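Below is one structure, written out as structure tokens; comments come after it.
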Amino acid sequence: MFPFTDFAFKKLFGQEKSKQFLIDFLNALIRFEKAIVAVRFLNTERLGKTKELRKSVFDIFCEDEDGNKFIIEIQRVFKPYLMDRAIYYSTFAIQEQSERGVWDFNIKKTYTVCLLDYCFDKHHPVQVVHTFKLVDTENNDALEQLIIYNIELPKFRKKEDELENRLDWWLYVLNNLVNFEDIPLFLNNDKVFKEFFMEAEVANLSKQVYWDYVASMADEWEANRTKAALKQREEEGEEKGMEKGIQLMLEAAKMKKAGESIEKIIQQTGLDPQFVVQL
């Protein structure tokens with residue numbers, strides 16, 4: 001299963017039966033002094049205090065047993081003002097902690113995790129995980145109430161024998177899930193990852209869930225194809241765009257001849273799914 005559609009991501013991390021995957025990933029990322037034991041999913045739809053504030057819908061919104069809040073978002077394509085969006089999302093989780101009557105403003109921690117399938121920071125070409133906190137610049141002391149993680153998955157290029165910790169395992173799996181024919185041998189004895197691969201296996205989906213997944217992929221491909229075409233025409237002009245299109249078609253034909261999956265070809269080239277199938 002391709003993990004970077006809203007549907008697939010929520011199926012793999014946002015269901016009651018898949019809580020263990022989310023807990024394991026968060027513990028690997030944040031490395032708490034006291035590990036998360038349980039999470040409770042919260043309503044992912046949040047409205048501002050007034051009609052003028054637009055509605056926000058998170059991919060996953062949950063809290064742990066201590067009341068700390070977690071917002072997890074996936075982003076397939078570039079969107080402007082990434083950090084502004086992350087801060088804006090975080091404010092909902094903070095403001096809803098206010099209590100009726102007398103309240104002492106004791107705010108639980110809020111973590112916003114943005115999994116990016118593109119690169120946004122060109123100044124640090126090898127840095128995958130970016131952690132943002134409120135910091136006292138005079139003495140470098142950090143406040144822990146608001147923490148934002150931006151994870152640039154395309155920058156994670158470690159091979160299997162280079163993985164150093166459990167977060168590396170997760171990023172490696174997320175980056176390569178669509179290409180695995182079976183669970184990697186080094187994960188074969190890990191209970192969490194074995195069950196994760198079973199959940200990610202498209203063949204295990206019911207008919208309705210399968211077609212929901214296909215529909216989510218079709219929407220994703222069409223949106224990406226349209227955006228890529230518009231951007232390409234703007235940057236290269238009509239003539240160069242046509243040349244690029246021909247190159248992509250030749251690349252797709254070469255990949256298909258080499259036995260690559262239809263899903264991978266579409267993901268890599270951005271070509272129309274029907275065209276790739278008919279190649």
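The values are calculated or read from the model by the stated rules, or taken from the named source; none is laboratory data. Everything quoted here is computed from the prediction, not taken from an experiment. Methodologically, a virtual Cβ is constructed for each residue, glycine included, from the backbone with ideal geometry; neighbour enumeration extends over all protein chains shown.
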Query raised in the report: Which residue out of Asn176, Asn204 is under 17 Å from Ala8 (Cα atoms) and at pLDDT 80 or above?
Result: Asn176
Query raised in the report: Could you list, in sequence order, the residues of region 12-37 that are outside any loop (DSSP other than H, G, I, E, B) and of a type in the set (Phe, Trp, Tyr)?
Result: Phe13, Phe21, Phe25
Query raised in the report: What are the pairs, 6+ residues apart or on separate chains, where a residue within region 35-47 that is on the phi < 0 side of the Ramachandran plot and surrounded by fewer than 17 Cβ atoms within 10 Å (Cβ to Cβ) has its Cβ under 7 Å from a residue that is charged (D, E, K, R) and modelled with pLDDT under 70?
Result: Glu45/Lys55; Leu47/Lys55
**Report entry** region 170-186 - residue that is of a type in the set (A, V, I, L, M, F, W, C) and over 18 Å from Leu26 (Cβ atoms) and, of those, surrounded by the fewest Cβ atoms within 10 Å (Cβ to Cβ)
**Finding:** Leu185
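For (1) hydrophobic (A, V, I, L, M, F, W, C); (2) assigned by TED's automatic domain parsing to the domain that holds Glu263; (3) farther than 30 Å from Ala93 by Cβ; (4) outside any helix (DSSP H, G or I), each residue gets a yes or a no:
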| position | (1), (2), (3), (4) |
| --- | --- |
| Glu138 | no, no, no, yes |
| Asp161 | no, no, yes, no |
| Trp170 | yes, no, no, no |
| Ile183 | yes, no, yes, yes |
| Val192 | yes, no, no, no |
| Phe197 | yes, no, yes, no |
